[in-house]
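The values are calculated or read from the model by the stated rules, or taken from the named source; none is laboratory data. Since the model is a prediction, treat every value here as computed from it, not as a measurement. When we count neighbours, we look across all protein chains shown, and the Cβ atoms used for this are built from the backbone with ideal geometry, even at glycine.
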């Protein structure tokens, strides 16, 4: 018996054998097609996770150590008001879209990674790099849950500026086929920043529906957004 040869590939559908099909084995046999597709998906997701881990480095380990050693966190030389870094977590950041940002096919919407006033009291955050991770997937409207990943969008890092915002202009939204009305296609965005004092990686996320135009964030499109 030999092993399946896996490829890092995302299959939208998994093959199902029908009652009237003749079963064949081997590399191209139909009995091995569904397991091969699932194995390909698994390898695809594994490599996707590894790529993210490469970007965030050892942030998870640093985050663990910061919770057990907090005594020195208030004495950072760049800390202008002695704000305790351990009061800062992912809830102090948000991902928004500028007012009027359209997520229709071909559009290049601008996203914002916004730090709140509590974060920006400490000037050490200014200039820190923000890493972005963006993909498009199907969202099940009936169960209100994300189903799968259709495409990963390549992005660059951007920098937290004096106003507490890091900007990212997405590449053109691809044209996607939509045949199932029970599902909507969403752009899932995760972004994170490294804490200056202990190098812990803090992230937050949001998602945007493909085809919609967003209003109400209170932010207009900047001229200095980093293009992905």
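Okay, here's what the table says:
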{"item": "Filter result (within 23 Å of residue 98 (Cα to Cα), surrounded by fewer than 17 Cβ atoms within 10 Å (Cβ to Cβ) and modelled with pLDDT under 90) within region 115-134", "result": "116, 117, 118"}
{"item": "Single condition residue 163 does not satisfy, out of (1) touching a residue at least 12 places away in the same chain (Cβ under 8 Å); (2) farther than 14 Å from residue 110 by Cα; (3) part of a loop (DSSP other than H, G, I, E, B)", "result": "(1)"}
{"item": "Residue count, region 108-145 (criterion: within 19 Å of residue 11 (Cβ to Cβ) and under 13 Å from the mean Cα position of the chain (by Cα))", "result": "3"}
{"item": "Some residue of region 46-69 being at pLDDT below 55 and touching a helix residue (DSSP H, G or I) at 6+ places or on another chain (Cβ under 8 Å)", "result": "yes"}
{"item": "Which numbered condition residue 100 misses (of (1) outside the structural domain of residue 192 (by TED's automatic domain parsing); (2) modelled with pLDDT of 75 or more)", "result": "(1)"}
{"item": "Members of region 7-45 that are touching a helix residue (DSSP H, G or I) at 6+ places or on another chain (Cβ under 9 Å), at pLDDT 80 or above and within 23 Å of residue 138 (Cβ to Cβ)", "result": "14, 15, 16"}
